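Remarks on the structure that follows.
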Amino acid sequence: MLIDDVILFVLFSWVIPLSLFVYFQVTTAKHGTKHARRRLKWREIAPVMRILVAQKLALILVVAFIALVRFIGDFPGREWVAFGLYTLLVGLAWVVLIYQRRVQRPQERRIRNL
């Protein structure tokens with residue numbers, strides 16, 4: 001087994017918990033059923049969870065892109081697609097940081113009595 005195959009296997013095994021995270025964040029248990037779940041409306045999800053779901057979906061897209069390139073080889077514009085996906089991840093990381101600071105700042109001011 002080549003190291004490339006091992007890396008691809010690890011990436012695919014990463015998609016399972018990412019997908020389950022997204023599934024359980026955008027659904028809720030249905031009353032009176034054992035396994036059925038109800039899809040939440042986007043506005044019902046907390047803002048920070050929306051951002052985290054978007055991050056997980058972006059990571060799934062990156063893994064799918066890596067697998068696509070691995071299986072079909074090079075194609076024109078591959079670098080631009082990779083650049084766009086990686087930029088999406090970086091942008092979402094900044095959104096999480098900015099949102100976190102916006103939420104934490106009032107609490108920190110109260111703690112510090114400023």
> For region 85-114, how many residues are open to solvent by less than 40 Å² (accessible area, probe 1.4 Å) and either without any contact (Cβ under 8 Å) to a residue 12 or more places away in the chain or over 19 Å from the mean Cα position of the chain (by Cα) (or both)?
Replying inline: 1
> Taking region 20-53 only, how many residues are hydroxyl-bearing (Ser, Thr, Tyr) and under 17 Å from the mean Cα position of the chain (by Cα)?
Replying inline: 2
> Which one of these does Val15 not meet: (1) assigned to a helix (DSSP H, G or I); (2) open to solvent by 80 Å² or more (accessible area, probe 1.4 Å)?
Replying inline: (2)
>> Just checking, does region 1-12 include any residue being open to solvent by less than 50 Å² (accessible area, probe 1.4 Å) and over 16 Å from the mean Cα position of the chain (by Cα)?
In response: yes
>> Give me the residue from region 22-41 that is in a helix (DSSP H, G or I) and over 20 Å from Gly91 (Cα atoms) and, out of that set, least open to solvent (accessible area, probe 1.4 Å).
In response: Gln25
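The values are calculated or read from the model by the stated rules, or taken from the named source; none is laboratory data. Remember, it's a predicted structure, so these values are computed and weren't measured experimentally. Every residue, glycine as well, gets a Cβ built from its backbone with ideal geometry; the counts of neighbours run over all protein chains shown. Surface areas here come from the heavy atoms of the whole protein model, side chains and all, with no ligands, DNA or RNA. Shrake-Rupley method; radii C 1.70, N 1.55, O 1.52, S 1.80 Å.
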